[in-house]
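Notes follow the structure.
The values are calculated or read from the model by the stated rules, or taken from the named source; none is laboratory data. Not measured: the values here are computed from a predicted model. Don't worry about glycine lacking a Cβ; one is built from the backbone with ideal geometry, like all the others, and counts go over all protein chains shown.
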Amino acid sequence: MALVSADGEIPRGLGFPVALAGFAMRHPRPVIAAFAITLVLAAVGAARVKDAEDLLDFIPPDDPDVRLFKEVGHTFGALRVALVGIEAPPGEDLFSAATLERVAAATAAARGVRGIDSVDSVTAIEDVVAGEGGAPDTRQLVELDHLPRTAEEQAALRSKVMSRPSVVGNLVSRDGRAALILAYLADGASDRLVSHALHQAVQAAAGGLTTVYGGAPFAGSAIYDETQADVRRLTPLALVFFLAVILIVFRDPLGVLLTIATVVWAALVVMAGMAFVGEPVTPASSTLPVMLFASGTSYALHLLGRYYVLAPPPGRPGQSLRELDGQRLLSALRIVGPPVTIAALSTAASFLALLVMDIRPLRAFGVECAAGVTLALLASFLLVPAVLALYPRGQQSLAATGNIGELLVRLSELATRRRDVVLGLMALATAGGVWFVGRIQVRMEARQFFSPGSEPWLAERFLADKFGGSQILQIRVRGDFTEPAALHELKRMEQYARSLPDVTQATSVVDVLMQLNEVMGGGHRIPDTRAQVPQLLFFVEGKAFLKRLLTSERDQALVLVRTHGDSQRLVREMEAYLSRDFVARPAGPTREQVADRLRWLTRAAGEPIAEDVLGRILEAARRPDPRDTRLVEARRALATAILTAEDEQDAMMPRRRLGDPVQVPGSPARTLDEVVGEFAGDLRPPELTSPLRQELLALAASPEEGALAWAAYAERLAGRTRAIAVDDALRSAGPLPAAALPAVRDALGDLFPEPPIAAVARPLSWSLAGEPILERGMSRSVRKNHIKAQVVAAIAVALFNLMLFRTVRLAAICVVPAACTLVILFGATALLGMPIDLGTSLVSCIGTGAGSEITMQYLWYLKRSTPIDVVRFVGPIMVLSTLLIAAGFAVLAFGHSQPMRMFGSLAALSMVGAAGLTFVLVPSLSRREDAGAAVLEEKTA
Amino acid sequence: MNCNPLPLALAAACLGAPWLARAEGPAGATITPAEILVRVDKAQGDFEDLTTESKLVVREPGQATGREYQFVTISKGSEKRIVRFLSPGDVKGMGMLIEGRDTMYAFLPGFQRVRRLGTHVKNQTFMGSDVSTEDMAAFKMAEVYDARLVGEEEGNYVVEVTARPGKEVEFPRRKLWIDKKIFQPVRLEDYDAKGVNVRSTTRTDYRRDEGPVEHWTPFRMTIIDHRRNDHTTELLMTSARVNQKVKDDAFSQRQLVRGQ
């Protein structure tokens, strides 16, 4: 077997394995003692490594979407929202005293959790109502001091709660059977710690009611916990598997022990180092032991494998058996040292390629793995020789692999004979892979990672079924939101969003203002003037619900859009709308905008309006003639109510009867009835310059009170005029969806603002934020990282191979099978419509490093033997070694965690693929002079 | 718990104010805790009328600046009060009239309307500040709390008060540092039913009010609500005038509308 005795020249710079081993063999006991001591110390240190608490670490901090997500979260105090769903007992609704008490207890428990900033729930939410004196008042929607005790009270409360659009589908499910607690995490609070504490607190307080836990903090924690659980469960399995395979191959317990020891030592030292520098264990770094078992065992394996099969050298007189065995070990090291070193350095370099990523925990993971691989290499060159120096093993044959060898020979010969076909097919497959890789989807939505039946998966389903989903897109708009025109633009945006498929709710401060305005008597509509808006907001200043929708400076507002569908589609649709239709300097609703709103409103109600009907409505939407008898009667009724002080609340006029004489300075004496007649017959708009206003001022106890009375008259008349115009417009429409009718009336009423709405002074601008945008940012980062890291890894690996082979061509060939495998693998992933994630993107680095190692070993032995010998004798060892690594990764595919499964499967496939392509591609790509035996023959000739 | 007052309610009350007081001179050596509370109560509200101008600064945690409100308050006796907002511009001209604990009105110039407000204002905060309505209540502490002297520190009595059974108060236990000279709290710690310190207040910069009688007002009050991540509110007095012969008819809805 030419291979075994072919001690080739050691490339410059790669002689240190022999030197290290020589040192270890001269001082075996101190070396072993040093390893034992460091192992114990490292074990103690590793026990102190902490778990990561802040899952936001995985967010790339410099991505513009991520920055915006954080900025908006800080501004509105809603960076992370934990959602707790509570279901009423079977057959009941939420509104029994017993259930409400438990919801209230759970809400209080949630509020008491450290790290929770504020909590919303049906038992905590305040309701804007008309106070006893007509002013807006906020009261608890559910008054805990007066919970319903009878069936009638229960029905009344249900009716009250279910009539609040802001509550239904948000805090109470549409069927009234489930409540949702929204717990807002304080800035800087740990997702994991808070969500665990919240889970415990709510569970204890909910008194046996079914609870589910969703939202980003719970989802992130669940992913983390599931990954950790997988690692804890699968690492021993991987270990047992490795032990079994190595034992079968080596048939020597000491060999098995040494192989495992090199990796255990490396892993513990790295973890102790992490504890020392305060680096926590993240979901990525928790896979470190498995990663090291998969990639770090091969160094000791190669060394021991070569050592076992080498025959002892012929001894000189006086040489001890131990000395001869030492020479045998050094011979083995001369053969495997350089390629193993290059393999380890290539793998370490490919892990270090993660440093180009913009996600800190992945960069840390790259460094940790690189350190682990390097330490495992070091242990292979020190610990293994030291132990073998004390306990030498005799020559032995490895497990029979003849059949594999023959199979590989046939494959290799076929590839050589059909070189053009092989290369052509590969070029085609790779080109196809490149084509599809360009279309690969990256998804970082948390729900992609939930395993079916898991707690977050159940929560996601519950939230989708009962509350229209848990994904909320935030549209942040800048401007001056005391300006009615700016508020109208927000409302338009809200109504468009609500009309989109799968959108279940859209809310903004406009809803609050419309409710407040209604309570103040201005109707359920946006206030008409800039002066009114802040005065309405004054009633709810400081309320948590306001702070989440509008900044205290009134210069930033949020529109919250909830969907149970594809949040990225919602993002695209909203971006398209905002780019196309957003008006930066709105001046109140136009007829075209109102037409759009009618389309959206009816579409959201499930009955899109026909264009001809819409045309008729808009045609008929005209301000009524002042002589219209309905308006004449309205003026008469309003004037009577105000002038007789029938309406005390809005007009502080002296109490009079219609027949009473009144005297306005400069006018003849009249009865109040005659004055009312003047109002009824006045066809002029009720402006400040109206003579009737002067009369009212004169008839009041003071001009200020007269101004109050005129304002009340003018506003009510405007409202009546608007109502008549809307009635007339809708008369021609035929039946419209009842659910949309109030909003349709409101939209049409916006055509008749009184006074006219002024254009905004400060232009508006928009940006999208919220979890879907965070996910988009993370997805973009993953895509970018994926490509960057793979390119860097490939270059680094090629450079190391250049150091080994000293030819660019061979260095490049080393990378080709792994690169082709990855391109084809990710192309297939894209073709199958499987999105990749953060974990999957790591495969490209690892696949490049570990995959090219196989090719490099092939070429290294090729330089020392004939192609057939390499394939027949080294091939099976390479196959076994590859399968061992692949199996290590494949173990992860048995985890519950979706990203872990995906990572494990793809990593294993990339290993197997790279090995397979090595035996097919390298015979096709290599030249005759690459084979060492051929060169030797030529030289001899 | 129910209600939202008009925030103005608070403002109004702000100024009737338990932290406005007349200096009483040094305390006697043998004074009991109950007598200290009585002296504190007496030091509050002992005036015929009082006009103050104040600035309320509400800051969210971690923010250096906050939203500011300026207002003038005129009080007569312990019941009648009228408040007018001076800034910011979007609330300028708004006013509030308190005719008694159960009767309050607000004037909204943007709507040209007067509205009567709900009177259930307990446990509510003012304008998103950390001032609760109970802070504004004119109740006498000696009637609600039992007192215990827990020590003396730097010229202050340290008194712990506990709500008497049946008395509904926002804070069942409070700890007060009472200045021995003026019998005014310079520091307060409020505790919830579980004994957790939920809010801390400091009252400093006591100054004598302008006017014919001797009244003292803390010109700076800082309230930190620990339940809201140390949310902070500052109430800064800019002037205080006492016994200016304000007439009774200044406290009417008409005057509220007329803005006089």
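Pairs are defined by a Cβ separation below 9 Å, a sequence spacing of at least 6 or placement on different chains, a first member in region A:822-851 that is charged (D, E, K, R), and a second member that is surrounded by fewer than 22 Cβ atoms within 10 Å (Cβ to Cβ); the pairs so defined are A:Asp837/A:Val442; A:Asp837/A:Arg443; A:Asp837/A:Gln448; A:Asp837/A:Gln898.
Right, A:Ser320: among the small types (Gly, Ala, Ser), farther than 16 Å from A:Leu382 by Cα and surrounded by fewer than 22 Cβ atoms within 10 Å (Cβ to Cβ) or not?
Numbers: among the small types (Gly, Ala, Ser): yes; farther than 16 Å from A:Leu382 by Cα: yes; surrounded by fewer than 22 Cβ atoms within 10 Å (Cβ to Cβ): yes.
Here the answer is yes, as A:Ser320 does meet what is asked.
Looking only at residues in region A:343-376 that are in a helix (DSSP H, G or I) and among the charged types (D, E, K, R), which one is nearest to the chain's Cα centre (by Cα)? Going through the qualifying residues, I end up with A:Arg360.
Considering region B:211-260, and only residues there that are free of Cβ contacts under 8 Å to residues at least 60 places away in the same chain and within 14 Å of another protein chain (Cβ to nearest Cβ), the residue that is surrounded by the fewest Cβ atoms within 10 Å (Cβ to Cβ) turns out to be B:Asp249.
So is A:Asp63 out of contact with any Gly (no Cβ under 7 Å at 6 or more places or on another chain) and modelled with pLDDT under 90 or not? Working first, answer last.
Numbers: out of contact with any Gly (no Cβ under 7 Å at 6 or more places or on another chain): no; modelled with pLDDT under 90: yes.
Here the answer is no, as A:Asp63 does not meet what is asked.
Among the residues of region A:68-116, those that are within 18 Å of the chain's Cα centre (by Cα) and either under 22 Å from A:Gly169 (Cα atoms) or among the small types (Gly, Ala, Ser) (or both) comprise A:Gly73, A:Ala78, A:Leu79, A:Arg80, A:Val81, A:Ala82, A:Leu83. Tallying residues that are out of contact with any Phe, Trp or Tyr (no Cβ under 9 Å at 6 or more places or on another chain) and more than 7 Å from chain B (Cβ to nearest Cβ) within region A:518-536 yields 7. Scanning region A:211-225 for residues that are in a strand (DSSP E or B) and touching an Asp or Glu at 6+ places or on another chain (Cβ under 7 Å) returns A:Tyr213, A:Gly214.
Of all residues in region B:182-201, one or more are within 14 Å of chain A (Cβ to nearest Cβ) and touching a His at 6+ places or on another chain (Cβ under 7 Å).
Residue-by-condition table, conditions (1) surrounded by fewer than 18 Cβ atoms within 10 Å (Cβ to Cβ); (2) part of a helix (DSSP H, G or I); (3) touching a residue at least 40 places away in the same chain (Cβ under 8 Å):
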position: A:Val161; (1), (2), (3): no, yes, yes
position: A:Arg164; (1), (2), (3): yes, no, no
position: A:Asn170; (1), (2), (3): no, no, yes
position: A:Gly188; (1), (2), (3): yes, no, no
position: A:Ser195; (1), (2), (3): no, yes, yes
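When A:Leu692 is tested against (1) more than 14 Å from chain B (Cβ to nearest Cβ); (2) in contact with an Asp or Glu (Cβ under 7 Å, 6 or more places away or on another chain); (3) more than 21 Å from A:Pro755 (Cα to Cα), only condition (3) is not met. Among the residues of region A:30-45, none qualifies, meaning not one is surrounded by 18 or more Cβ atoms within 10 Å (Cβ to Cβ), of a type in the set (A, V, I, L, M, F, W, C) and at pLDDT below 90. Listed by position, the strands (runs of 3 or more DSSP E) contained in region B:146-260 that have at least 3 residues being more than 21 Å from the chain's Cα centre (by Cα) and hydroxyl-bearing (Ser, Thr, Tyr) form an empty set. How many of the residues making up region B:151-170 are modelled with pLDDT of 85 or more and closer than 20 Å to B:Gly45 by Cβ? Looking only at that region, the number is 2. For region A:141-197, filtering for residues that are of a type in the set (Asp, Glu) and within 14 Å of another protein chain (Cβ to nearest Cβ) leaves 3. Specify the residue that is farthest from the other protein chains (Cβ to nearest Cβ); the eligible residues are those in region A:701-720 that are crowded, with 23+ Cβ neighbours inside 10 Å and of a type in the set (A, V, I, L, M). Selected residue: A:Ala709. Determine, yes or no, whether A:Leu699 is modelled with pLDDT of 85 or more and either over 30 Å from A:Arg603 (Cβ atoms) or out of contact with any Pro (no Cβ under 9 Å at 6 or more places or on another chain) (or both). Considered against the rule, which asks whether it is modelled with pLDDT of 85 or more and either over 30 Å from A:Arg603 (Cβ atoms) or out of contact with any Pro (no Cβ under 9 Å at 6 or more places or on another chain) (or both), A:Leu699 comes out as yes. Just one of (1) within 28 Å of the chain's Cα centre (by Cα); (2) away from chain B (no Cβ under 13 Å) trips up A:Phe545, so point out which. Tallying (1) within 28 Å of the chain's Cα centre (by Cα); (2) away from chain B (no Cβ under 13 Å), A:Phe545 fails exactly one: (2). Taking the criterion of being under 26 Å from A:Ala739 (Cβ atoms) and buried (at least 20 other Cβ atoms within 10 Å of the Cβ), would at least one residue in region A:442-453 satisfy it? Looking for residues that are under 26 Å from A:Ala739 (Cβ atoms) and buried (at least 20 other Cβ atoms within 10 Å of the Cβ), one finds none in region A:442-453, hence no. Name every residue in region A:516-545 that is assigned to a helix (DSSP H, G or I), crowded, with 20+ Cβ neighbours inside 10 Å and at pLDDT 85 or above, in order of residue number. Selection gives A:Leu516, A:Asn517, A:Gln532, A:Val533, A:Pro534, A:Gln535, A:Leu536, A:Leu537.
The set of residues in region A:380-401 being in contact with a helix residue (DSSP H, G or I) (Cβ under 8 Å, 6 or more places away or on another chain) and modelled with pLDDT under 85 consists of A:Pro392, A:Arg393, A:Gln395, A:Gln396, A:Ser397, A:Leu398, A:Ala399, A:Thr401. Going by what's in this entry, would A:Ala711 be described as in a helix (DSSP H, G or I) and out of contact with any Phe, Trp or Tyr (no Cβ under 6 Å at 6 or more places or on another chain)? Against the criterion (in a helix (DSSP H, G or I) and out of contact with any Phe, Trp or Tyr (no Cβ under 6 Å at 6 or more places or on another chain)), A:Ala711 qualifies. Among the residues of region B:43-69, the ones that are modelled with pLDDT of 80 or more and either within 14 Å of chain A (Cβ to nearest Cβ) or surrounded by fewer than 16 Cβ atoms within 10 Å (Cβ to Cβ) (or both) come to 7 in all.
Number of residues in region A:90-110 that are farther than 11 Å from A:Gly207 by Cβ and without any contact (Cβ under 8 Å) to a residue 24 or more places away in the chain: the value is 2.
Look through A:Ala595, A:Ala576, A:Ala639 and report the one residue that is over 30 Å from A:Ile472 (Cα atoms), aliphatic (A, V, I, L, M) and either part of a helix (DSSP H, G or I) or within 14 Å of chain B (Cβ to nearest Cβ) (or both).
Working: A:Ala595 fails: over 30 Å from A:Ile472 (Cα atoms); A:Ala576 fails: over 30 Å from A:Ile472 (Cα atoms).
Every option except A:Ala639 fails the conditions.
Just to be sure, is A:Met291 of a type in the set (A, V, I, L, M, F, W, C), touching a Cys at 6+ places or on another chain (Cβ under 6 Å), crowded, with 24+ Cβ neighbours inside 10 Å and within 26 Å of A:Ala43 (Cα to Cα)? In short, yes. All conditions but one from (1) in contact with a Cys (Cβ under 9 Å, 6 or more places away or on another chain); (2) on the phi > 0 side of the Ramachandran plot apply to A:Thr430; the one that does not is (2).
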